[in-house]
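**Student:** Take a look at the following structure, please.
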Amino acid sequence: MKKAERFLLASLGMTLINVGVALVALARIGEDSLTLLMQALYNNFGRTLGTWSTILGIIFVAIALFCDRKKIGYSTLFYVITSKYIIDGVMYILPVSTSYIMDAVYCVAGIIVITLGSALGICARLGLSYYDAFCFSVSERFKLKYVYFRYAVEAIFIIISLFLHTYPGIGTIIYFVVLGPCVTFTLKLIKAPI
């Protein structure tokens, strides 16, 4: 794959992840743990979901740079820089869910879009999303098993959100259980290296 194609693939992948985050937030059934944390920060301190995504992205990138800067690349920086505009833009354009049917549509659409975006970003091999870069670099630096570290971080996000009076929902469980296997399946489907 040519370098220009890889940049296009990475940009499309990170854009789709941001769109998926907005869809997840618009459904009223609970967000993935990171979006739940962003929602808790928004509920308590103002700003926008996209602004909190950018702020958390800067923090996670700084930590990842300290631990293993090889995980940071074009995709990572594109995601941090554009997350505010894409997430807030999608949330401005689309209506908040007003029914269980819309909740289900936003939930399923969010899973599909995030899955596709993650797979494209991984295929481009130009760095990881800021959350993945953080988790991989910290777990490798301190010789922690990635899956357990990721679960611990997700639990910490949920606990912080609870302290900030923002509560997980059924969607939080759905995203926790479904996203990883969906990304793995999609990568196998398009025959990309995992």
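The values are calculated or read from the model by the stated rules, or taken from the named source; none is laboratory data. All of these numbers come straight from a predicted model, not from anything done at the bench. Cβ sites come from the backbone with ideal geometry, for glycine too, and all protein chains shown count toward neighbours. Side chains included, ligands, DNA and RNA excluded: accessible areas come from the protein's heavy atoms. Shrake-Rupley method; radii C 1.70, N 1.55, O 1.52, S 1.80 Å.
**Student:** Take GLY30 and decide whether it is open to solvent by less than 70 Å² (accessible area, probe 1.4 Å), closer than 19 Å to LEU9 by Cα, touching a Gly at 6+ places or on another chain (Cβ under 7 Å) and not polar (S, T, N, Q).
**Tutor:** Numbers: open to solvent by less than 70 Å² (accessible area, probe 1.4 Å): yes; closer than 19 Å to LEU9 by Cα: no; touching a Gly at 6+ places or on another chain (Cβ under 7 Å): yes; not polar (S, T, N, Q): yes.
In short, no.
**Student:** Right, ARG6: open to solvent by 40 Å² or more (accessible area, probe 1.4 Å), within 21 Å of GLY121 (Cα to Cα) and either at pLDDT below 95 or not in a helix (DSSP H, G or I) (or both) or not?
**Tutor:** yes
**Student:** Okay, moving on. May I ask you to list the residues in the stretch 103-150 that are on the phi > 0 side of the Ramachandran plot and either in contact (Cβ under 8 Å) with a residue 24 or more places away in the chain or within 13 Å of the chain's Cα centre (by Cα) (or both)?
**Tutor:** Initially, the stretch 103-150 is screened for residues on the phi > 0 side of the Ramachandran plot, giving 125, 127, 143.
Those that are on the phi > 0 side of the Ramachandran plot and either in contact (Cβ under 8 Å) with a residue 24 or more places away in the chain or within 13 Å of the chain's Cα centre (by Cα) (or both): ARG125, GLY127.
**Student:** Another question, then. Pick from ALA124, ALA133, ALA155: which is over 23 Å from GLY73 (Cα atoms) and among the small types (Gly, Ala, Ser)?
**Tutor:** Details: ALA124 fails: over 23 Å from GLY73 (Cα atoms); ALA133 fails: over 23 Å from GLY73 (Cα atoms).
The conditions single out ALA155.
**Student:** Which pairs turn up if I take residues in the stretch 168-192 that are farther than 18 Å from ALA119 by Cβ and hydroxyl-bearing (Ser, Thr, Tyr) and look for partners that are part of a loop (DSSP other than H, G, I, E, B) and open to solvent by less than 50 Å² (accessible area, probe 1.4 Å) with beta carbon separation below 8 Å, at least 6 apart in sequence or on another chain?
**Tutor:** Pairs that qualify, where the first residue is farther than 18 Å from ALA119 by Cβ and hydroxyl-bearing (Ser, Thr, Tyr) and the partner is part of a loop (DSSP other than H, G, I, E, B) and open to solvent by less than 50 Å² (accessible area, probe 1.4 Å), are THR172/GLY30; THR172/GLU31; THR172/ASP32.
**Student:** For the stretch 10-28, which positions are more than 13 Å from the chain's Cα centre (by Cα) and either small (Gly, Ala, Ser) or modelled with pLDDT of 90 or more (or both)?
**Tutor:** If the condition is that a residue be more than 13 Å from the chain's Cα centre (by Cα) and either small (Gly, Ala, Ser) or modelled with pLDDT of 90 or more (or both), then ALA10, SER11, LEU12, LEU26, ALA27 are the ones that fit.
**Student:** Any idea which residue in the stretch 151-184 is farthest from the chain's Cα centre (by Cα), counting only those that are buried (at least 18 other Cβ atoms within 10 Å of the Cβ) and not in a helix (DSSP H, G or I)?
**Tutor:** Once the filter is applied, the top-ranked residue is THR166.
**Student:** Could I ask something else about it? Provide a single number: the residues in the stretch 34-55 that are open to solvent by less than 20 Å² (accessible area, probe 1.4 Å) and within 23 Å of LEU12 (Cα to Cα).
**Tutor:** Residues in the stretch 34-55 being open to solvent by less than 20 Å² (accessible area, probe 1.4 Å) and within 23 Å of LEU12 (Cα to Cα): 6 in total.
**Student:** Restricted to the stretch 72-119, and to residues that are within 16 Å of SER53 (Cα to Cα) and aliphatic (A, V, I, L, M), which residue is least open to solvent (accessible area, probe 1.4 Å)?
**Tutor:** By that ranking, first place goes to ILE87.
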